[in-house]
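One structure below.
The values are calculated or read from the model by the stated rules, or taken from the named source; none is laboratory data. All figures in this text were calculated on a predicted structure; none of them were measured in a lab. So basically every Cβ, Gly included, is an ideal-geometry build from the backbone, and we count neighbours across all protein chains shown.
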Amino acid sequence: MDRSIEKRLSELRKAGETADKLMEGRVLVLQKEKGYRFSIDAILLAHFVQLEGHDYACDLGTGSAVIPIVLSKRHDRVTIAGVEIQDDLADMAMRNVRLNDLEHSIRIYKGDIKKIGNIFNKESFRCVFFNPPYRKVNSGRINPDREKAVARHEIESTVADFLSAARYLLSEGGSVNIIYPATRSVELIFGMRKMTLEPKRIRMVHSNSSSRAQFVLAEGIKGGGEELLIMPPLYIYNDDGTYSVEMEEVFREINHSRSFYG
């Protein structure tokens with residue numbers, strides 16, 4: 001490990017946190033050992049997002065800031081803002097940015113996406129992305145861990161709130177990128193069109209070739225015309241349980257221990 005990263009790690013890591021390696025060890029991400037931890041959906045979204053040149057991008061509900069960090073390492077001319085409502089996660093995101101020496105390209109804001117106008121001016125970004133809470137409050141057992149519950153259930157905000165914030169933040173022609181449960185695809189697409197974030201790319205993510213789709217990856221363009229690309233499905237596993245060729249490529253790009261899924 002680079003000595004400068006090792007020194008920052010000793011200063012920034014708190015008790016009960018792990019430091020997980022990404023991108024051949026060039027990136028370290030602090031996470032709570034027993035709290036909320038990012039999963040494969042964040043990695044899939046980071047792989048799906050398309051950034052260009054000097055884009056200004058915003059991650060709504062950034063969590064530990066893993067998506068901005070990965071994207072910043074892949075696109076060194078992009079400036080990314082991360083918004084997080086939970087105090088502990090916002091603090092962890094800030095420390096992860098410092099840990100990876102990315103203060104020049106990433107800034108974390110503690111705030112509520114439903115009050116996004118209190119944080120940013122209208123039409124400040126060219127790209128917005130988010131992995132929102134996807135379970136309705138009245139569906140399934142809510143985790144007693146508040147951090148996990150808010151990240152997974154629509155306690156603080158819904159996908160409609162995230163889409164509304166994205167519409168406010170995006171300049172005309174800017175893109176929004178989302179990962180969401182496939183079973184709620186109709187709700188997502190309807191919400192995107194309601195906010196004039198016209199769907200442009202859709203990709204379904206399956207566990208394997210014989211399983212139902214689990215996630216939908218979607219890109220919309222603010223003020224875009226009616227033309228939708230349905231991309232080939234992405235399979236996480238082969239039928240024998242090994243990772244698919246495409247997922248192997250994603251993992252090579254991210255180069256993680258592959259402990260996300262499940």
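Selection of the stretch 52-66 for residues being in contact with a Gly (Cβ under 8 Å, 6 or more places away or on another chain) and not in a strand (DSSP E or B) yields THR62, ALA65. Of the listed requirements (1) within 30 Å of ILE221 (Cβ to Cβ); (2) more than 20 Å from the chain's Cα centre (by Cα), ARG3 misses just one: (1).
The one condition from (1) closer than 21 Å to ALA166 by Cα; (2) in contact with a helix residue (DSSP H, G or I) (Cβ under 8 Å, 6 or more places away or on another chain); (3) modelled with pLDDT of 95 or more that ARG98 does not meet is (1).
A single entry from LYS136, LYS32 fulfils the requirement of being under 25 Å from ILE5 (Cβ atoms) and modelled with pLDDT under 95: LYS32.
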